[in-house]
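What follows draws every value from the coordinates through simple rules; no lab data is involved. Worth saying up front: this structure is predicted, and the values here are computed from it rather than measured. Cβ sites come from the backbone with ideal geometry, for glycine too, and all protein chains shown count toward neighbours.
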DNA sequence: GCAAAAGTGTTTCTCGTACACCCATGG
DNA sequence: CCATGGGTGTACGAGAAACACTTTTGC
């Protein structure tokens, strides 16, 4: 069975830049391609958009199939349409980026792809297609967005220490932050809920745990509050 | 002649939200549709992506065909892919937004479309397809982006008065700004070149003209400078 | 008692904000 | 001389930045 159209059409795919944070490093999920072209090369997870699903749905479906994770932060990134970005034929790819906490979730490390793995951002191999560009666009996006949107929390467990949060920002922004100033700033914002719990079984003073309070955050936004760094 | 594919494919279009500023108001360019569906309704300019052009090229070509303007600020906005966004068939639209100065450029007010016109933002009619959503996304984008990227200058003539710039910001951000503080802030940034020229033939004290210095701006960026409001 | 991370305050300085009057020009 | 918009300075307060020591815990 084939489908006939009066004019030629690009194929439409979604590709996902999935960022994970595993208690120290920011990583990205890659899939090793099992078929040509670029067989054996690493690539971003993705696939064709079906006719009965929206772009968002396609991205979420692909991610579920390839990682087993369905409940994550997912946002459209950019669409890539260079004429020759796929050697076989014209393909337009709508890229998404996702944020995931690698401690809480257990990620299905493979699927129909030959292999899958988490790569440290400065240790990424050459990627298939224009996926290097897509990845760079994704990195630029979270670098920019983390400063004025509370997306960092998506990469942490629900309950976290302030030092974890600070370290996350330091990794993403590639800079050093002052502990006291960081704490003052975050706590002054009033978007963190201070929990009664503290971490357990550590060989040093146990840290207090916090939780991001989305409700409070949204209330503040309505009042004109701007999250900033 | 028809084109046959093994799997069905969405059609791919580009749609453009073209913002213009005409010495007082922020406007958007709309086209009155000459054909079904939504014949007679107003819509964003746009059209199908050809197989031999990238998405950016498609947007620029459509804009050239419908407005006669080719040299303008154009940036990808978002891709829209709701399954039923076009009643005829599945269409994925990659939306762009463009900024244009309506004083300097003379806009070809029509083309193959039945009619075209500039609409004040709070005077936009019901739009075809999901173009209302696309327009709102575009408005949200410039509202957000104008604060931390120097895109406002794209809407002004090359040489402008500080009061024009301030008024532009007031319109886009829908707020009042203090004249003295606004001037101090902008001049402190050192991205404006103070020209020797002043405006002519006005029934009041003539204003000094300024020009945005892109080179200085890019130098500052490299040094870690952040444009902000 | 030592290693390792948690937690805490003060000072300085920059910048955001609020605010009112005189200036230049054309008609 | 009047209407219109152009142009300027200061005082206050909030928050950014810089900076070092004590606390708690497990081993």
Exercise for the section: Let me have the relative contact order for chain B, percent, based on Cα pairs under 8 Å that are six or more residues apart. Expected result: 21 percent
Practice task
Provide a whole-number value for the mean count of partner chain Cβ atoms within 10 Å of the Cβ atoms in peptide B:43-55.
Solution key: 3
Handout entry: Dimensions (Å) - the range A:51-189, Cα atoms, principal axes, largest first
Key = 55, 29, 29
Exercise for the section: Return one number: the angle in degrees, 0 to 90 and rounded to the nearest 10, between the long axis of the Cα atoms of helix B:162-173 and the longest principal axis of the Cα atoms of chain B. Expected result: 40 degrees
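Viscosity 1.306 mPa s, temperature 10 °C: give me the Stokes-Einstein translational D for the range A:128-196 in µm²/s, with Rh taken as the Kirkwood radius over C-alpha pairs.
118 µm²/s
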Completion exercise
Partner shielding of B:5-16, as the mean number of partner chain Cβ atoms within 10 Å, equals 5
Exercise for the section: With 10 Å bins from zero, work out the P(r) of the protein assembly as shown over every alpha carbon pair and list the percent per bin. Expected result: 4, 17, 25, 26, 19, 8, 2, 0
Exercise for the section: Provide a whole-number value for the mean count of partner chain Cβ atoms within 10 Å of the Cβ atoms in peptide B:87-98. Expected result: 2
Exercise for the section: Would you calculate a helix-derived [θ] at 222 nm for chain A, using -39,500 (n - 2.57) for each DSSP H run of n ≥ 4 and dividing by the full residue count, to the nearest 500? Expected result: -8000 deg cm²/dmol
Problem - Volume of the Cα convex hull of the range B:1-76, divided per residue and given in Å³ - result: 139 Å³
Exercise for the section: Per residue, how big is the convex hull around the C-alpha atoms of the range A:111-156? Give it to me in cubic angstrom, could you? Expected result: 114 Å³
Handout entry: Taking only Cα atoms of the range A:149-229, radius of gyration then Dmax in Å
Key = 13.0, 43
